[in-house]
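Worksheet for the structure shown next.
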Amino acid sequence: MLLRLGGAGTIVRIFKTRCVCFDTVEYKGRPRKLFQTEMEKLVEFPVYESAEAHMSTIANEDGEPAFSAEDIQRAEEWIEQQMQEIDAAFRKNQNLGLMGGTAVIKRSSKDDQKYCSHDGFISGRKVGEFIGVIRGAHGYKPKMRKKVKMPHVEVGEPDTAAKAWEEGRFEDINNENLIRMRVIAKERGKPLDKAFTEEEVFQFYIAERQAFYMLTRTMKNKQNGLEKACRERAEKKHSELMKQQLV
């Protein structure tokens, strides 16, 4: 039984070897058979899946299990060792400030020659085994989150929510927030429809819904009745706010 990794260490391939007669020659007056070793792939599966689950279902030419319990145990231990070594190599790179790359799985002796000078190289590895090297890793610097300072908006005293409540001008209680949105868009140098992130839009919507839910759910007002009675006034108010000069 031969065990080999494929797909940069993501796949396990299990082979069995057998001697096959490929020719017959005459030697000292007698026919002599010439044999060569052939490899037959019996099963292939992802490294994170159980070797036993795959190997126990394979039968040989006689219908008997192709792998013994010892074969399966050996495969499980081999896979676990390879995965631990690959994981350790990636973790080591991470500690060195390196990220990305792929595990180098030996394909021939040329890989030994190519990677022998690399840090972590493991000599004496067989074909199909991890040689201790992560190829293609690169340095990185974590990007810090940008903190956007919300600009201060100068709003006339009559437009503040507290003042509007005191004077009974309920329709003006949100003026300050709406003007603030326009100022933020201006500060960011973008039109209103492109100035805000998706999450900011969601938050604005949630805030707007609170007054709507209060009116329609808690206070039991019918939405269509409110729309019919107030739409013209509401649209006029919106138009005035959009035309208002920013400080």
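Since every read-out is calculated from the coordinates, none of them should be taken as a lab result. A quick note: this is a predicted structure, and the numbers were derived from the prediction, not measured. When we count neighbours, we look across all protein chains shown, and the Cβ atoms used for this are built from the backbone with ideal geometry, even at glycine.
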Worksheet, complete the sentence: Tilt, helix 69-95 to longest principal axis of the chain (alpha-carbon atoms), in degrees rounded to tens, equals 50
Item to complete: Express the relative contact order of the chain as a whole percentage, based on alpha carbon pairs under 8 Å and six or more residues apart in sequence.
Response: 12
Worksheet, complete the sentence: Listing GLU129, GLU76 by rising number of other beta-carbon atoms within 10 angstrom, fewest first, gives GLU76, GLU129
Worksheet item: Cα extents of the chain along the three principal axes, largest first, in whole Å?
Response: 121, 46, 29
Discussion item. I need the P(r) histogram for region 185-234: all alpha carbon pairs, bin width 10 Å from 0 out to the longest distance, whole percents.
Written reply: 22, 33, 29, 16, 0
Discussion item. Springs between alpha-carbon pairs under 10 angstrom, Gaussian network model over the chain: which of ARG18, ARG135, ARG231 fluctuates most?
Written reply: ARG231
Discussion item. Over 18 Å between Cα atoms: which of LYS186/LYS243; LYS163/LYS220; LYS163/LYS186 fall into that group?
Written reply: LYS163/LYS220; LYS163/LYS186
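Using only the Cα atoms, work out Rg/Rh for region 1-57, with Rh taken as the Kirkwood radius, to two decimals.
On the way: Rg = 17.5 Å, Rh = 13.7 Å.
Rounded to two decimals, Rg/Rh equals 1.28.
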Worksheet entry | Sites ALA88 and LEU178 - FRET efficiency at Förster radius 45 Å, r taken between beta-carbons, to 0.05 | 0.20
Worksheet item: How are the Cα pair distances of region 25-97 distributed, in percent, across 5 Å bins from 0?
Response: 3, 12, 14, 15, 12, 9, 9, 8, 7, 5, 3, 2, 1, 0
Worksheet item: Given R₀ = 22 Å, FRET efficiency for GLU167-ARG231 by Cβ-Cβ distance, to 0.05?
Response: 0.35
Discussion item. On a straight-distance basis, which lysines could pair with LYS41 in a cross-link, Cα separation under 18 angstrom, same-chain partners fewer than 8 positions away excluded?
Written reply: LYS16, LYS106, LYS126
Worksheet item: Cα to Cα, under 17 Å, and not fewer than 8 places away if on the same chain: which aspartates and glutamates meet these conditions relative to LYS228?
Response: GLU171
Worksheet entry | Simple spin-label estimate for PHE22 and ARG135 in nanometres, 7 Å along Cα-Cβ | 2.7
Worksheet item: What is the mean projected area of the alpha carbon convex hull for region 157-243, to one decimal in square nanometres?
Response: 6.8
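Explain nothing, just the number: relative contact order of region 157-243, from Cα pairs under 8 Å at least 6 residues apart, as a whole percent. Please list the in-between numbers first.
Details: 36 pairs, mean separation 14.8, N = 87.
The value is 17 percent.
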